[in-house]
Structure formats: structure tokens, C-alpha cells
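Peer 1: I'd like to ask you about the structure that follows.
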Amino acid sequence: MSAATAAADAPARGWMARELFQAGDVVVTTGGLAAAVAALLAAWLLSWLFRRALTRLSGQAAARDRQAAIYTVGRIVHYLLLVVGLLFALEFIGLPASRFAVFAGAVGVGLGFGLQAIFNNFISGLILLFDRSLKVGDFVELESGVHGEVSDINIRATRITTNDNIEILVPNSEFVTGRVVNWTHNEVSRRLRIPFGVAYGSDKETVKAAALEAASAVPFTLSQDGPRRPQVWLVGFGDSSLDFELVVWLTAEATKRPSAVKAAYNWELESALARHGLEIPFPQRDLHLRSAFGLQDQQAWAALGRAPPRPGRPPGNEPAPRAGGNDAKEEVEREIAQAPSDPDDEGGSTPPSTNRSP
């Protein structure tokens, strides 16, 4: 190096060695601080390029599990590169790793005074990434009532996008400590129950035919026959109505939109019930008059100028059963038949399955 070049570089070296401040025996210079910032920027740039390449690879992956695995790898590599960049930045500043004991003590004090929530959410986010019980693209429903699709799992919070296109940030710890319903964890197809009621005296088979017509009119119904065909269950006797449920299996696309899909079935149910002349009742009370003006029964109604109420259907006049039968009974019988037999059961009976909903 010539004398002229050395003389030209002397001001630059002097500027790089300029002392900014001193913390104990650690002297922070302008050059060290610039190198630390450059290390952090380089780590962030490498992480961004790596995640961008993974995003392209994830777009080419057709399998949903593979996309979730690629996302998990990207987040972990992102955190590792940032940690490595931070270590190099501390070295450039003049704080070697051997002196992290003091730094760790300071971090511990900070966690005790108010950073424990952030630290808890960070560890919960790592648990979600490694556990894979929650993946990007899953449709979840939280205990608080929030439901939507998981868009991103970050350091502090998980971003959920609702069907109304609202972005909700949920702390990661809520997914670890709270109850979370994952609608698409193992299988994307789900069963939906749509309750409805008809007036007393309505024919059950006619109600079933109308409900099945409504199910066939909705394109979200998974199958019209087989074990996942639509079913109609009589679930209760209300104050003013016979309570039914239309039970359908949904397609994968409809599983993530339960509210809109349920509204679509309700629309078709109302139309089908009206076509079959079935009444959707409103709350009402029946008045049974035993006496009036000293008269009873038929004479009392005649004195009031009213016709007596029509009696119920007499025994023996029931209509002949139509095709279809009791879906709920067939459902239970099929589950009992499919349940594995217990080798310890000396009687050879088959215990009912305990992991299925009725």
C-alpha cells in the first residue's frame, strides 16, 4: 500500500474507531455498531430470501400436510438466522458470548417484571410449529367464539382470517392453554346438523322427504347415498313443534364456511316444507274447555258458537310406512356393528363406540 493510499484511508479508519459510548469494559465504536447493524440486516435478508423460495415451493405442493411442513421449516430457519445474526452483532459491538451471563440475568429480571407474557407467547408459538396440532390453512374455532382460517403463526400471535375477511390476532398461548376446535385437523369433511321444527300432526315421512329434497338442492352436500348420505332425525318434542335435525356431510370447500352453509340449508328447507304443505309452527297454547254456562263438552262449544277441537288420530288408522325408516336407529345399529369386539368380554358382546357423537 502506498503512502498516499494509507494517508487517504487514515480518516476512514479514524471514523470507524471513534468511540460512541462505554458500558463497563465494553467500548462501542462506530465501526462496531455499523458491523452489528450489517450483520442483522444480512441475517434478515437471508431469512427473507429463504422464506420466499419456500413460499414458491409451497405453492407447487399439492398436499396440504406438505405445505404446513414447509411453512414450519421456514419459520424455524427464520428464527435461527435472526439468532445467529444477533450473536454476530454482539460480537462486533464487543460483547462476546462468554459475557452472556450478565445479559441472561438482565433478561431474567425483565421477564419477571413484565416480559413473561411475550416469552410465553413465543414458546407457545414454537410448540404450535413443532407439535403441528395447528397448521396454516386450518379452520379453527376458539373458546372465545372466534372462528376462521389460520393465516400465519408469528412470534407473539397467530393471525386468523374470518369468513368476513377480518384479520384477528390471537396470542399463541391461547391455543396452548385454551380449548380449540380444529375443524380440518385430520379430515376436511365434516357433518353438520340443521335443526328445524314442524307442527304437531305432520307426517314424519313427508317431513323426511321434504328435508331430503332440501339437502339434494344444496351443492355442498357430500353424498346422496352410502354411509354419509343425508339423514333426518326426530330429536325431540317441543312445546309447539316436532323437533327434527337434517344431518348432512359437507364437501371440503364448504367445511370452512359453516354459517353461510347453514343458511343455505335453511333456505332450501323452508322452500321444501312449503311445497309439501308442512307448517313451521309458532309458539302457541291449546285451550281445552270442559264447561261453560253450566254446559259441558259438545254442548259448551255449541253455546259458544265454536266447533269442538278435532280429536287426535284414532289408533289403527296410521298411514303405511314409506321408504326410508328411522335414520337415527340405523345410525346407532351401524356403529354398534362396526365397533371392534372386546376380547376380554366373556359374553362376546360388542361394546358401543365411545369416540363417536350420537
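Each reported figure results from applying straightforward, stated rules to the coordinates on display, with no laboratory input. All figures in this text were calculated on a predicted structure; none of them were measured in a lab. Don't worry about glycine lacking a Cβ; one is built from the backbone with ideal geometry, like all the others, and counts go over all protein chains shown.
Peer 1: So if R0 is 30 Å, what FRET efficiency would Y79 and V146 give, r being the distance between their Cβ atoms, rounded to the nearest 0.05?
Peer 2: Efficiency, rounded to the nearest 0.05: 0.70.
Peer 1: Say each of I168 and N182 gets a label point 7 Å from the Cα, pointing the same way as Cα to Cβ; how far apart are those two points in nm?
Peer 2: Each label point is offset 7 Å from its Cα along the Cβ direction, giving 1.8 nm.
Peer 1: Taking the Cβ of each residue in R56, R228 as the centre, tally the other Cβ atoms inside 10 Å and list the residues starting with the fewest.
Peer 2: R56, R228
Peer 1: Extension gain V37-R56, at 0.36 nm per residue separation less the Cα-Cα distance, in nm?
Peer 2: Extending this stretch completely gives an extra 4.0 nm.
Peer 1: While we're looking at this one, here's another question. Restricting to segment 139-182, what percent of DSSP beta bridges are antiparallel, rounded to 5?
Peer 2: 100
Peer 1: If you don't mind, there's one more thing I want to ask. Work out the P(r) tail for segment 180-285: percent of alpha carbon pairs separated by more than 19 Å, whole number.
Peer 2: 44
Peer 1: Next up: Taking a label point 7 Å from the Cα of L49 along the Cα→Cβ vector, which residues of segment 74-89 have an amide N closer than 18 Å to it?
Peer 2: Correct set: 74-75, 77-86.
Peer 1: Going by C-beta contacts inside 10 Å, put Y79, Y265 in order with the fewest on the left.
Peer 2: By the 10 Å Cβ count, ascending: Y79, Y265.
Peer 1: Here is a further query. Using only the alpha-carbon atoms of segment 139-182, report the extent along each of the three principal axes, biggest first, to the nearest angstrom.
Peer 2: 26, 21, 14
Peer 1: Let's test the formula: R0 of 30 Å, r as the Cβ-Cβ distance of D203 and R228. What FRET efficiency results, to the nearest 0.05?
Peer 2: Rounded to the nearest 0.05, the efficiency is 0.70.
Peer 1: Right, something else. What is the order of T177, T29, fewest Cβ neighbours within 10 Å to most?
Peer 2: Sorted ascending by nearby Cβ count, the order is T177, T29.
Peer 1: Let me ask another. Can you compute the modelled spin-label distance between Q116 and E253, with each label point 7 Å from Cα toward Cβ, in nm?
Peer 2: 4.9
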